[in-house]
């Protein structure tokens with residue numbers, strides 16, 4: 001099987017770019033390369049990762065300025081063509097500001113920066129990013145954000161729920177989506193969502209920080225493994241035909 | 001009659017000739033406006049910051065205060081041919097970048113300014 005080529009965007013202020021690179025290259029033995037935000041083309045990549053951090057110092061609104069970086073035009077093109085894009089934390093904020101995902105991420109209800117492990121429930125095991133998971137499987141993933149409260153208007157929320165586009169929900173270790181399990185006040189305990197095509201995922205938790213066994217938690221691997229497997233399936237089908 | 005800024009002086013003979021002393025902007029037929037834009041969270045959206053500040057105000061004894069909402073204040077100067085054009089541009093810029101229509105509302109005021117030095 002070919003190695004999947006991950007392109008990891010780097011903005012001024014990105015700080016999870018190396019974590020993402022390490023997770024997919026060292027831990028999962030795939031190809032990874034950094035793509036500076038000033039570049040105009042993604043080049044030959046299979047997956048785009050928009051990593052966490054504080055792009056442009058979170059000026060104006062988180063992700064608001066990053067979306068004007070030259071590389072984002074090609075990211076929009078790549079996503080519209082069905083290419084898989086995963087936005088983690090600040091990457092999720094950038095995706096909403098760029099209009100690739102609906103809704104917005106606001107200041108945590110507690111007004112505090114929350115840095116801890118949370119539990120999220122896999123809502124869409126059929127999705128490209130969670131195909132190796134079972135329905136309702138609970139993953140333990142770290143979060144680290146001050147502005148992660150997912151908000152959308154009633155119509156958008158209904159559509160997300162109705163079309164099965166809520167990818168992850170904050171839950172208790174037992175899998176209950178109750179207010180106590182919600183670390184930031186997100187509507188419907190939403191931790192991650194998909195676009196209409198199912199090829200763009202935005203999530204506040206950091207799967208890339210839960211990949212290396214040395215760190216004691218490998219739940220995050222499942223997100224990347226699902227993606228890698230989707231390419232293997234595609235390749236197998238391609239070879240048959 | 002042409003709209004001139006306060007800095008420019010018309011000669012005694014006419015309302016605009018080569019003797020009239022015009023600033024660079026008025027020569028180009030441009031006017032300068034200062035826009036003050038206020039961006040606030042939509043009323044339907046919880047503003048925990050506003051709530052915390054309201055709580056602080058109550059702690060200080062200002063119990064008659066309620067409905068505290070925290071927003072952003074943005075100022076900018078704009079060089080245009082007319083007030084209408086300035087309004088159009090500020091509105092568009094506010095919708096496209098200065099606010100996020102998903103969660104925020106904006107309002108703005110426009111006032112003429114004399115020159116960039118006064119902006």
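Nothing in this text is a laboratory measurement; each read-out follows from the coordinates by a stated rule. Bear in mind that the values here come from a model prediction, so they are computed numbers and not experimental data. Cβ coordinates were reconstructed from backbone atoms using ideal geometry, including for glycine residues, and neighbour counts include every protein chain displayed.
Points worth noting:
- Cβ-to-Cβ counts within 10 Å put A:105, B:22, B:7, B:41 in ascending order as B:7, B:22, B:41, A:105, the fewest first.
- Peptide A:7-17 shows a mean partner chain C-beta count of 0 within 10 Å per residue C-beta.
- Average partner coverage of B:100-111, which counts Cβ from other chains inside 10 Å: 3
- Sequence-separation-based contact order of the stretch A:121-241, relative, with Cα cut under 8 Å and 6+ spacing, percent: 29
- Prolate/oblate/rounded label for chain A (Cα gyration tensor, a/c 1.5): rounded
- Nearest-0.05 FRET efficiency for residue A:33 and residue B:111, computed from C-beta distance (R0 51 Å): 0.50
- Summary of the geometry: the stretch A:37-55 and the stretch A:140-192, compared by the centres of their Cα atoms, lie 25 Å apart.
- For the stretch A:1-148, the relative contact order works out to 19 percent when only alpha carbon pairs closer than 8 Å and six or more residues apart are counted.
- Cα centroid separation, the stretch B:1-62 to the stretch A:67-89: 37 Å.
- Prolate/oblate/rounded label for the stretch A:4-136 (Cα gyration tensor, a/c 1.5): rounded
- Neighbour-count ranking [beta-carbon atoms within 10 angstrom, fewest first] of B:59, A:14, B:82: B:59, B:82, A:14
- Seen through its C-alpha gyration tensor, with square-root eigenvalues sorted a ≥ b ≥ c, the stretch A:158-241 comes out oblate because a/c lies at 1.5 or above while a/b is not bigger than b/c.
- The stretch A:108-153 - percent relative contact order, Cα under 8 Å, separation 6 or more: 49
- Here the label points at residue A:76 and residue B:75, each 7 Å from Cα along the C-beta direction, are separated by 3.2 nm in the simple model.
- Counting beta carbons within 10 Å around each of A:37, B:55 and listing the fewest first gives the order B:55, A:37.
- Take the Cβ atoms of residue A:232 and residue A:178, set R0 to 41 Å, and the FRET efficiency comes out at 0.65.
- On Cα atoms only, tilt of B:48-59 relative to the major axis of chain B in degrees: 70
- Residue B:7-residue B:38 FRET efficiency (beta carbon distance; Förster radius 41 Å; 0.05 resolution): 0.90
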